[in-house]
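The values are calculated or read from the model by the stated rules, or taken from the named source; none is laboratory data. None of these values were measured; they are calculated from a predicted model. Here Cβ is always computed from backbone atoms with ideal geometry, including for glycine, and neighbour counts include all displayed protein chains.
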Amino acid sequence: MRKLQITLLALLVLFLLVVGLYLLPPINQRVYWRVDFALAYLRGVINPVSAIPTALPEQPESNIIQPSLTPTASKIAAPSETPAFTPTPGPTATAQPSPTPIPQTVSLAAPVWVKQDMNNCGPASLAMYLSYYGWQGDQYNISSLLKPRRQDRNVNVEELVYYVRTRAGWLNAEYRVGGDLELLKRLVAAGIPVMVEESFYFEAPYWPNDDLWAAHYFLVTGYDEIKQTFSGQDSYHGPEQQVPYETLDEYWQAFNRVYVLLYFPEQEDVVKSILGADWDPDVNRQNALEVARAETESQPQNAFAWFNLGTNLTYFEHYLEASEAYDVARNLGLPQRMLRYQFGPFIAYFHSGKTDDLITLADYALQRTPNAEEALLWRGWGYYRLGKTSEAMADFRQAMEENPYYQDAQYALDFVREN
């Protein structure tokens, strides 16, 4: 008996020692990702990964809570069709002077390279970008505000811009969509690096049948017209990466060709002149909408083109047409992690009354990423529309637990309590 007690005590001490060591930051940073990987793989074994669900048949509208835009009947477009949509005319772009010829090759002074912590490409890339302008912080200063939990796998461009505006206000920060390769070159030639969000492929699967696709940020700091390549800083692959023009554009398309710009206030006139009409956010979205629509016509089997069409329609609150575009994208096939990073379908389906689609997609997103606060938020709103208030509140609370700074979840909690 005495021997058994000693053995149990020794095991307890060993367990506490292991836990204590694991909690030490240097060890935790090295080991945590392996634990996270193992848990993700186990989830994939228990709950095998399937494709993103295709569009559901149209359901009768819920009468629980109506969105601000009253939906009307609309045809669901087939994959070979373009949804019948006439865009709302935006402000007319004024004629721009011919751009000044740019050098054949530009290579900006690269900031000190930052190797990203787990799930931290956004904060790490932003830290490099900020350091180009003399900022002295690191990726953890950024992540402590934008993603206080390491297992949070996504930071949006809006969050990155928010950080700069509130923590490095001596710099201007903007983001736009619908960029192109010439725009990147003109900005870099003017001495302004550009941060883009693009596709990324893992080297090893995180679960059985993993399609390996994910999102990533890349800081463009140079280009070479002769080699037809961009150079840039990649928090995962390393400094001074060389990327062919065509590859960057292909990877960039999946994120509506979004880009983030940081610059000194005195550079704003230069930025405005380079962006031209796209300086106006509404005109920029209208232009991106036209590009996306043209790409659905020239590349009708490209799910990303249809997804971008839905995202830009959502911006203009054309929710039914956006839902139709997202339906086509889903039917063509989207990557397994798509809804970890982009949430336009949740918004469009909510406002067009397609609550079953909303909850189905949110459930799928949470199977892949259980801690995704955005999916929790929108599943909660879906439950609320169905009159399932307790389920909605539970999702809103969990979203706040995942990210205590998530203002949309706090708003949702306050709204439901007051109504």
Exercise. Out of segment 206-223, which residues are exposed (fewer than 15 other Cβ atoms within 10 Å of the Cβ) and either farther than 19 Å from Gln342 by Cα or outside the structural domain of Ala127 (by TED's automatic domain parsing) (or both)?
Worked result: Pro208, Asn209
Seminar exercise, completed: Taking segment 268-303 and keeping residues within 17 Å of Tyr326 (Cβ to Cβ) and basic (Lys, Arg) leaves Arg285, Arg293
For this session: Could you check, for segment 174-184, whether at least one of its residues is modelled with pLDDT of 95 or more and either over 19 Å from Ala288 (Cβ atoms) or assigned by TED's automatic domain parsing to the domain that holds Pro370 (or both)?
Result: no
Problem set entry | Candidate set: segment 128-164, residues that are among the hydroxyl-bearing types (Ser, Thr, Tyr) and not in a loop (DSSP other than H, G, I, E, B); chosen: the one nearest to Asp234 (Cα to Cα) | Tyr129
Problem set entry | Odd one out for Asp180 among (1) surrounded by fewer than 22 Cβ atoms within 10 Å (Cβ to Cβ); (2) touching a Pro at 6+ places or on another chain (Cβ under 9 Å) | (2)
Problem set entry | Some residue of segment 165-179 being of a type in the set (A, V, I, L, M), assigned to a helix (DSSP H, G or I) and either touching a residue at least 24 places away in the same chain (Cβ under 8 Å) or under 26 Å from Phe316 (Cβ atoms) (or both) | no
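So that you can scan it fast, the table gives a plain yes or no per residue for (1) touching a residue at least 40 places away in the same chain (Cβ under 8 Å); (2) surrounded by fewer than 24 Cβ atoms within 10 Å (Cβ to Cβ):
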position	(1), (2)
Ala329	no, no
Arg340	yes, yes
Phe343	no, yes
Phe346	no, no
Ser352	yes, no
Thr355	yes, yes
Ala365	no, no
Glu374	yes, no
Trp378	no, no
Exercise. For segment 180-204, what are the residues that are of a type in the set (A, V, I, L, M, F, W, C) and either at positive phi or free of Cβ contacts under 8 Å to residues at least 24 places away in the same chain (or both)?
Worked result: Phe202, Ala204
Problem set entry | One residue from Leu320, Leu334 being assigned by TED's automatic domain parsing to the domain that holds Tyr364, touching a residue at least 40 places away in the same chain (Cβ under 8 Å) and assigned to a helix (DSSP H, G or I) | Leu320
For this session: Please identify the pairs in which a residue from segment 380-398 that is on the phi < 0 side of the Ramachandran plot has its Cβ atom under 7 Å from the Cβ atom of a residue that is outside any helix (DSSP H, G or I) and surrounded by fewer than 18 Cβ atoms within 10 Å (Cβ to Cβ), counting only partners at least 6 apart or on another chain.
Result: Tyr384/Ile65; Arg385/Ser62; Arg385/Ile64; Arg385/Ile65; Leu386/Ser62; Leu386/Ile64
Exercise. What tally of residues in segment 356-389 results from selecting those that are more than 15 Å from Phe415 (Cβ to Cβ) and hydroxyl-bearing (Ser, Thr, Tyr)?
Worked result: 3
Exercise. Inside segment 386-399, can you point out the residues that are surrounded by fewer than 21 Cβ atoms within 10 Å (Cβ to Cβ) and either charged (D, E, K, R) or assigned to a helix (DSSP H, G or I) (or both)?
Worked result: Lys388, Thr389, Ser390, Glu391, Met393, Ala394, Arg397, Gln398
Exercise. Do any residues in segment 89-112 that are farther than 14 Å from Leu184 by Cβ and modelled with pLDDT under 95 have Cβ atoms under 6 Å from those of residues that are of a type in the set (D, E, K, R) and not in a loop (DSSP other than H, G, I, E, B), where the two are at least six apart or on different chains, and which pairs are they?
Worked result: Gly90/Asp282
Exercise. Could you list, in sequence order, the residues of segment 138-158 that are over 26 Å from Asn256 (Cα atoms) and in contact (Cβ under 8 Å) with a residue 24 or more places away in the chain?
Worked result: Asp138, Asn141, Pro148, Arg149, Arg150
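Conditions tested, residue by residue: (1) touching an Asp or Glu at 6+ places or on another chain (Cβ under 7 Å); (2) outside the structural domain of Thr360 (by TED's automatic domain parsing); (3) surrounded by 16 or more Cβ atoms within 10 Å (Cβ to Cβ).
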site: Glu225; (1), (2), (3): no, yes, no
site: Phe230; (1), (2), (3): no, yes, yes
site: Asn256; (1), (2), (3): no, yes, yes
site: Phe264; (1), (2), (3): no, yes, no
site: Ile274; (1), (2), (3): no, yes, yes
site: Ala294; (1), (2), (3): no, no, no
site: Asn312; (1), (2), (3): no, no, yes
site: Phe316; (1), (2), (3): no, no, yes
site: Tyr326; (1), (2), (3): no, no, yes
Exercise. What number goes with the only condition from (1) more than 20 Å from the chain's Cα centre (by Cα); (2) surrounded by 19 or more Cβ atoms within 10 Å (Cβ to Cβ) that Trp170 does not pass?
Worked result: (2)
